[in-house]
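The values are calculated or read from the model by the stated rules, or taken from the named source; none is laboratory data. As the structure is a computational prediction, the values presented were derived from the model and not from experiment. Neighbour counts are summed over all protein chains in view; Cβ atoms, including those assigned to glycine, are modelled from backbone coordinates with ideal geometry. The accessibility values were calculated without ligands, DNA or RNA, using every heavy atom of the protein model including side chains. Shrake-Rupley method; radii C 1.70, N 1.55, O 1.52, S 1.80 Å.
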Amino acid sequence: MIYFDNAASTPVEPEVTQLVHDLMRDNYGNPSSLHEPGRRSRVVIEEARKTIAELLGVSSSEIVFTSGGTEANNHILWSCFLDLKIQHFITSPLEHPAVLNTLKNISNHFDIKISYVNINSQGHIDIEHLDHILKNSPLTLVSLMHANNEIGNLLPVNQVKKLCDNHKALFHSDTVQTIGKYQMDLHSLGFDFAVASAHKFHGPKGVGFSYINSDKELKSFITGGMQERDLRAGTENIYCIAGMALALEIAMKDIKENKKHISNLKSRLIEKITRELPEIEFYGDEKKEGLYSIINLKLPQTEHSEMLPIKLDIEGIAVSGGSACSSGSNKPSHVISSLDPEEIRPSLRVSFSKFNTTKEIDVFVETLKNIYL
Ligand code: PLP
């Protein structure tokens, strides 16, 4: 099996699997209990929090564990509305559904304003338009993802932060695709809120965290007990929290080598496709620096393209199709449809991890050639 769907989820690090297994066997105490087994579980959680906070240049008290990126985005957006009284949310049409649908849900129930910043046909946001919609807009939050999960474009964080500061707006970024892939200091980058999901960096599924700048007083979104300093009720998933911290530690330790290796895979694929399959183009901006682990192929409009993810699956290659091919209907993703409505073609997202090899790239291109040529 060639696994090229690492933006969807990644294989778990063997050391993480071992740690989760050992903790499940040995640490059964409830971390809120005051007895020794409970205290032992508490220590596991607090050590994981400290590890993550140090790796990302923030304080431990700014990290809140969640069930993943979706919950973290929901918590931040809802709480910004309910507790910080945000009235205007500025986002883009390219955001993950965890942001877009949450904002739609808030606006279905309450009177808030949502503005969508313009994007160009390559998926870059229009900074001047952002500046324009931020003008004369009190109580505003800008929510723009750090790297797009379908086309890999990177947000110009410094420029967005500057505009947010100029207009006194808050800044939330969905950093699910970049945490564990770059050396990031969340304080210096200037986010008020950021989020992570462990299964995107070789950790377990169903666990993640929010970064909430200590100046911002959010309240719990899930009500119940007082866990996570009253910011997220419910007994903590200590096993996956510890597994996530270890996965992030491993990712950050080898970050330079991983980045170099994965970037080479991406360049090799782009070069080979450009040379050997020129009818395939790219969505997003393959020439500008984007997230090094994602490339999105813009396929020719032929019968082969419609069925490509299924054909590749039969050949033992796992990728993500940009179109849902069910009951004969071919529905492009909201990201692809937002780029250039005149130019919508079937797409294929290919996303790498450190476990992929150059040989796999060559096999992938040969398989594509067998299908297309
Ligand atoms: N945000 C982005 C950019 C993502 O890519 C994903 C996962 O695909 C999520 C949020 C949701 O994260 P989770 O799977 O942890 O709910």
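Only one of 33, 59, 41 is farther than 30 Å from residue 317 by Cβ, modelled with pLDDT of 95 or more and in contact with a Pro (Cβ under 6 Å, 6 or more places away or on another chain); which?
Values: 33 fails: in contact with a Pro (Cβ under 6 Å, 6 or more places away or on another chain); 59 fails: in contact with a Pro (Cβ under 6 Å, 6 or more places away or on another chain).
Selected residue: 41, the only one of 33, 59, 41 that is farther than 30 Å from residue 317 by Cβ, modelled with pLDDT of 95 or more and in contact with a Pro (Cβ under 6 Å, 6 or more places away or on another chain).
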### Task
Among the numbered conditions (1) in a loop (DSSP other than H, G, I, E, B); (2) in contact (Cβ under 8 Å) with a residue 60 or more places away in the chain, tell me where residue 195 comes up short.
(1)
### Filtered residue count, the stretch 18-54, keeping only those that are touching a Gly at 6+ places or on another chain (Cβ under 9 Å), surrounded by 15 or more Cβ atoms within 10 Å (Cβ to Cβ) and in a helix (DSSP H, G or I)
8
### Message
Just to be sure I understand, how many residues within the stretch 89-105 are touching a Leu at 6+ places or on another chain (Cβ under 8 Å) and within 21 Å of residue 66 (Cβ to Cβ)?
### Response
6
### Task
Pairs only if they're at least six apart or on different chains, beta carbon under 8 angstrom, first in the stretch 1-17 and within 16 Å of residue 252 (Cα to Cα), second away from the ligand (no atom under 16 Å from the Cβ); list them, first residue then second.
13/246; 13/250; 15/246; 15/250; 16/246; 16/250
### Summary
Per the filter on the stretch 252-267, residues among the charged types (D, E, K, R) and open to solvent by less than 90 Å² (accessible area, probe 1.4 Å) are 254, 259, 266
### Query
Between residues in the stretch 41-69 that are without any contact (Cβ under 8 Å) to a residue 12 or more places away in the chain and residues that are open to solvent by 30 Å² or more (accessible area, probe 1.4 Å) and away from the ligand (no atom under 16 Å from the Cβ), which pairs lie under 6 Å by C-beta distance while being six or more apart or on different chains?
50/60; 53/59; 53/60
### Task
Scan the stretch 127-145 residue by residue and report those that are assigned to a loop (DSSP other than H, G, I, E, B) and surrounded by fewer than 24 Cβ atoms within 10 Å (Cβ to Cβ).
135, 136, 137, 138, 139, 144
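Would it be correct to say that residue 245 is modelled with pLDDT of 95 or more, among the aliphatic types (A, V, I, L, M) and in a loop (DSSP other than H, G, I, E, B)?
Details: modelled with pLDDT of 95 or more: yes; among the aliphatic types (A, V, I, L, M): yes; in a loop (DSSP other than H, G, I, E, B): no.
Taking the combined requirement at face value, the residue does not satisfy it.
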### Query
So which pairs qualify, if the first residue must be in the stretch 263-292 and in the same structural domain as residue 347 (by TED's automatic domain parsing), the second must be part of a loop (DSSP other than H, G, I, E, B) and among the hydroxyl-bearing types (Ser, Thr, Tyr), the Cβ gap must be under 7 Å, and the two must be at least 6 apart or on different chains?
263/292; 266/292; 291/178
### Query
Quick check: is even one residue across the stretch 238-246 within 19 Å of residue 31 (Cα to Cα) and open to solvent by 40 Å² or more (accessible area, probe 1.4 Å)?
yes
### Query
Can you find even one residue in the stretch 6-16 that is β-branched (Val, Ile, Thr) and farther than 30 Å from residue 230 by Cβ?
yes
